[in-house]
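J.: Let me begin by handing over the structure; questions about it come next.
The values are calculated or read from the model by the stated rules, or taken from the named source; none is laboratory data. From a predicted model like this one, the values you see are computed outputs, not experimental measurements. Virtual Cβ from ideal backbone geometry, glycine too; neighbours counted across all protein chains shown. The protein model used for the area step is the full one, side chains on, heavy atoms only, and it has no ligands, DNA or RNA in it. Shrake-Rupley method; radii C 1.70, N 1.55, O 1.52, S 1.80 Å.
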Amino acid sequence: MSTNSSCPPRCTERSLSYEIDQDCYLHCLPDEIICMILHHVPPMDLIRNGRLVCKYWLDLIDGSQLWRGLCHLNGVQYPQDTDANAWNLDFRSIYLKRPFHRNLVKNWNAADGLLHWNVRENGGDGFAIEPVSNIDVSDCTDCWSTSYGLCEKEQTIDLLSEGCTCDVLDQLKPAIEISEWTRARHDCGSEYFVRVTLESSTRQVLDNFKSKRSVAQWKDSSWIRVSHRFCNYPPGVRFVKVVHGGKDSQFWKGHYGPKITATCVMLNLDNSLD
């Protein structure tokens, strides 16, 4: 018997759109089975090499079925109780960037000094990085310490670049949760502040949160958590800007101002449409 006689039949339905090599058994499998096989291939190999195999693989890898399955298998959060088409979900972006239920702030715990932060004011002796203790935050070993002149810095988060979509932000409206930890020194008074703004694509402020804390000398020096949840915000939110800082209130040389760490901005699907 010749080799050609043992080949599987050409898949009639799929051959209407793709030129299929009839010697390839893989193309005769349902899309669901092929996706299950491709789930074992490293994602970047799929993007860099798998898309070059043929047009059928290109469409499969560029589609949502493969990546939605990867999200499900790996516990990646996405809006599961909605119509994916209605929210224009990009499952490949969701899987690779994971915009939901993770901290979107870069260098959130001072581990990389001031990297990813724009320093607006660096008064006194400027920002310093110090070790932390007695704080109930995992993987947090450092903090920013302020001085006798105003120390202020900011970071802006581009929600679309982080993997979210306009439809999700404007219609589903996942809760935008912000938090960070701060403390004063026991031996010196201090003033701390944080401002968070939700901004449009043109940087118009659509919603905001502000908090201040003044601590007198010899008063509370324990770590406290400052937090806020934005729900049902106006449509058009594309950026979250966090500005924080402070100074000591006694003008002492060194770093006697408030300490800040564990800054967090998170999109929480569990609190959508509250």
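J.: Could you check Asp167 against (1) open to solvent by 30 Å² or more (accessible area, probe 1.4 Å); (2) modelled with pLDDT of 95 or more and say which number it fails?
T.: That leaves (2) as the condition not met.
Condition check ((1) over 30 Å from Gln204 (Cα atoms); (2) in contact (Cβ under 8 Å) with a residue 24 or more places away in the chain; (3) exposed (fewer than 13 other Cβ atoms within 10 Å of the Cβ); (4) touching a strand residue (DSSP E or B) at 6+ places or on another chain (Cβ under 6 Å)) across all residues:
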site	(1), (2), (3), (4)
Arg120	no, yes, yes, yes
Asp125	yes, yes, no, no
Ile129	yes, no, no, yes
Ser133	yes, no, yes, no
Ile157	no, yes, no, yes
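J.: Also: Determine, yes or no, whether Glu152 is open to solvent by less than 30 Å² (accessible area, probe 1.4 Å), touching a Ser or Thr at 6+ places or on another chain (Cβ under 8 Å) and under 30 Å from Lys253 (Cα atoms).
T.: It is false that Glu152 is open to solvent by less than 30 Å² (accessible area, probe 1.4 Å), touching a Ser or Thr at 6+ places or on another chain (Cβ under 8 Å) and under 30 Å from Lys253 (Cα atoms).
J.: Quickly run through the stretch 89-142 and pick out the residues that are of a type in the set (A, V, I, L, M) and within 21 Å of the chain's Cα centre (by Cα).
T.: Selection gives Leu89, Ile94, Leu96, Leu104, Val105, Ala110, Ala111, Leu114, Leu115, Val137.
J.: Continuing with the same structure: Among the residues of the stretch 245-272, what is the count of those that are touching a Lys or Arg at 6+ places or on another chain (Cβ under 8 Å) and not in a strand (DSSP E or B)?
T.: Here the count works out to 5.
J.: Now for a different question. Go through (1) farther than 17 Å from Asp207 by Cα; (2) modelled with pLDDT of 95 or more and name the single condition Val242 misses.
T.: All conditions are met except number (1).
J.: Okay, moving on. Only residues that are surrounded by 15 or more Cβ atoms within 10 Å (Cβ to Cβ) and without any contact (Cβ under 8 Å) to a residue 60 or more places away in the chain: list them for the stretch 232-274, please.
T.: none
J.: Just a yes or no: is a residue in the stretch 136-147 in contact with a His (Cβ under 6 Å, 6 or more places away or on another chain) and closer than 18 Å to Asn268 by Cβ?
T.: no
J.: Hey, any hits in the stretch 207-225 for a residue that's within 18 Å of the chain's Cα centre (by Cα) and open to solvent by 20 Å² or more (accessible area, probe 1.4 Å)?
T.: no
J.: Looking at Val41, Val105, which one is out of contact with any Gly (no Cβ under 6 Å at 6 or more places or on another chain) and crowded, with 18+ Cβ neighbours inside 10 Å? Lay out the reasoning, then the answer.
T.: Numbers: Val41 fails: crowded, with 18+ Cβ neighbours inside 10 Å.
Exactly one of Val41, Val105 is out of contact with any Gly (no Cβ under 6 Å at 6 or more places or on another chain) and crowded, with 18+ Cβ neighbours inside 10 Å, namely Val105.
J.: Are any of the residues in the stretch 139-161 on the phi > 0 side of the Ramachandran plot and of a type outside the set (D, E, K, R)?
T.: no
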